[in-house]
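The structure appears below as structure tokens.
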Amino acid sequence: WQLMKLKTMKILIVFKVAFNVAYGFFTASMVFFLQYRLGFGNEVTSTIYSIQIVVNFINVLIVSRIALRVGKAARLLFSMSIAGFGCMAFYIAGIESYAALIVFIILFSLASNSFWQLSNAIFYDVTEVDEFVYGKRREGAIISLQSGIGSLASAAIVAGMGMYLEIIGFDTALPVQTPAAMAALDRLFLMLPGLFLMAGCAMLLLYPLSKARFASLQSA
């Protein structure tokens, strides 16, 4: 309860939930989108996963160095805002080609990889706030709290998405889906991840621990 009263913690929790919701929509709907919306087979799906691995490997080599220079929140804000606006742009323009799909996957992979690398580190910064306000260091409680809430958000999205597809008339037994089901796949794979990524970015704009302020906090 004390941790959740900290402004920094509340902001980061909402940020974490927003990302997990966006990531949940993206991962849970990707196979359906590729197969039923674009008509791609397993070979393309395997290629997409391989591209994500390559992007993640390259991003791992550079993201930490950039974060050390500009700050973790600034680095996350940059990658997530690009991915969020990219999702909305592709939702409006549509993904109708393999090349457009690759560009979208790279954008989202850069944002998600940056998040998984830096999210725990940015939550660890709350430790300094906790110590300053309450005189306690509770790294384990901080990480457990944010991890549990993030997992619940992801699970809820996957369950909710399944119910939504059932209501909208999506049927894996049908070779051709209804127009309503096709539009639903666009929303699940493109629009909703974009909206929640931008919501996460809005929370990061409120995040008070810039690199300079964190240094001052450590000194205090």
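The values are calculated or read from the model by the stated rules, or taken from the named source; none is laboratory data. All values derive from a computational prediction rather than experimental measurement. Heads up, the Cβs are rebuilt from the backbone with ideal geometry, glycines too, and the neighbour counts pull from every protein chain shown. With ligands, DNA and RNA removed, areas are computed over all heavy atoms of the protein, side chains included. Shrake-Rupley method; radii C 1.70, N 1.55, O 1.52, S 1.80 Å.
Just in region 94-142: which trypsin sites (Lys or Arg not before Pro) are loop by DSSP and have at most 14 other Cβ atoms within 10 Å?
On the way: sites: LYS136, ARG137, ARG138; in loops: LYS136, ARG137, ARG138.
Here the sparse-neighbourhood loop sites are LYS136, ARG137.
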HN-Hα couplings for region 90-106 via Karplus (6.51, -1.76, 1.60; θ = phi - 60°), in whole Hz with x for Gly/Pro, come out as 6, 5, 6, 7, x, 10, 10, 9, 5, 5, 5, 4, 4, 4, 5, 4, 5
Phi angles of region 73-88, converted by Karplus (6.51 cos²θ - 1.76 cosθ + 1.60, θ = phi - 60°) into ³J(HN,Hα) in whole Hz with x for Gly and Pro, give 5, 5, 5, 5, 4, 4, 5, 6, 5, 4, 5, x, 5, x, 4, 5
Probe 1.4 Å, all chains present, heavy atoms only: SER144 accessible area in Å², nearest 10, is 80
By the mean-Cβ-within-10 Å protection proxy, highest first, 191-201, 169-179, 90-100 rank as 191-201, 90-100, 169-179
Dividing the helical contributions, -39500 (n - 2.57) per DSSP H run of n ≥ 4, by the residues of the chain yields a 222 nm value, nearest 500 deg cm²/dmol, of -27500 deg cm²/dmol
To the nearest 20 debye, region 87-144 has a Cα-centred charge dipole, built from +1 on Lys and Arg Cβ and -1 on Asp and Glu Cβ, of 80
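Hey, any idea what % of the chain's accessible area is carbon plus sulfur with a 1.4 Å probe?
67
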Magnitude of the Cβ-charge dipole (Lys and Arg +1, Asp and Glu -1) of the chain about the Cα centre, nearest 20 debye, reported as 900
For region 133-148, Karplus-derived ³J(HN,Hα) couplings (6.51, -1.76, 1.60; θ = phi - 60°; whole Hz; x for glycine and proline) come out as 7, 10, x, 10, 10, 10, 4, x, 5, 4, 5, 5, 4, 5, 5, x
Projecting the Cα atoms of TRP116, GLY169, ALA183 onto the charge dipole of region 94-220, where Lys and Arg contribute +1 and Asp and Glu -1 at Cβ, the residue farthest towards the positive end is TRP116
Once all protein chains are kept in place, TYR124 shows an accessible area at probe 1.4 Å, nearest 10 Å², of 110
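Using +1 on the beta carbon of Lys and Arg, -1 on that of Asp and Glu, and nothing else charged, what's the dipole of region 98-185 about the Cα centre, debye to 20?
In total the dipole reaches around 40 debye.
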Region 1-95 accessible area per residue, 1.4 Å probe, protein heavy atoms, integer Å², reads 50
For ASP171 and ILE62, extending 7 Å from Cα along the Cα-Cβ vector and measuring point to point gives, in nm, a value of 4.8
With the 8 Å Cα cutoff and a minimum separation of six or more residues, the chain has a relative contact order in percent of 44
Sorting TRP116, TRP1 on solvent-accessible surface, 1.4 Å probe, most exposed first, gives TRP1, TRP116
